[in-house]
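What follows is a single structure, written as structure tokens, with notes after it.
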Amino acid sequence: MREGAVVIEKAARYVKVGKVADIPEGRPETFEVEDRHIAIYRLNDGYYAIEDICTHDGGPLAEGEVDDDVVICPRHGARFSIRTGAALSFPAVTPVDSYPVRVEGDDLLVGLPED
């Protein structure tokens, strides 16, 4: 298991993943972006992207319930911040990676780190 997650604050590059219309408020959409499974959420103040893999057991976070700005893993109930990727409750203790999101016109772009 990894030591900690990465919060990409300044991306090396941005990759187009879809359109703003693809992401309804309150329900995420998932994208595979260069071998990363990323869930994008639309909250009332913008778009947020986090890794779509629970750090506790590898479950798909995007299949979990969304409670305000928190996603609840459908397998064991671990909670993660949609805004930062922070692990907020057991059984998860390790955060998930989070990625910056840009909106350019109708396009959604996710920031990725340098490889």
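The values are calculated or read from the model by the stated rules, or taken from the named source; none is laboratory data. These figures come from a predicted structure and were not determined experimentally. With ideal geometry, Cβ positions are generated from the backbone for all residues, glycine too; neighbour counts draw on all protein chains shown.
Give the number of residues within segment 82-104 that are out of contact with any Pro (no Cβ under 7 Å at 6 or more places or on another chain) and surrounded by 18 or more Cβ atoms within 10 Å (Cβ to Cβ).
8
For Ile8, indicate whether it is surrounded by 12 or more Cβ atoms within 10 Å (Cβ to Cβ) and at pLDDT 95 or above.
Considered against the rule, which asks whether it is surrounded by 12 or more Cβ atoms within 10 Å (Cβ to Cβ) and at pLDDT 95 or above, Ile8 comes out as no.
So, of the residues in segment 56-69 that are in contact (Cβ under 8 Å) with a residue 12 or more places away in the chain and over 18 Å from Glu25 (Cβ atoms), which turns out to be surrounded by the fewest Cβ atoms within 10 Å (Cβ to Cβ)?
The qualifying residue surrounded by the fewest Cβ atoms within 10 Å (Cβ to Cβ) is Asp57.
Quick one: which of Ile72, Ile53 is without any contact (Cβ under 8 Å) to a residue 12 or more places away in the chain and either of a type in the set (Val, Ile, Thr) or under 22 Å from Asp22 (Cβ atoms) (or both)?
Criteria check complete, one pass: Ile72.
I'm trying to understand the selection: among the residues of segment 15-30, which are part of a strand (DSSP E or B) and among the basic types (Lys, Arg)?
Lys16, Lys19
Considering only segment 83-107, state which residues are touching a Phe, Trp or Tyr at 6+ places or on another chain (Cβ under 9 Å) and either charged (D, E, K, R) or over 16 Å from Val70 (Cβ atoms) (or both).
Arg83, Tyr99, Pro100, Val101, Arg102, Val103, Glu104 - these are the residues of segment 83-107 that are touching a Phe, Trp or Tyr at 6+ places or on another chain (Cβ under 9 Å) and either charged (D, E, K, R) or over 16 Å from Val70 (Cβ atoms) (or both).
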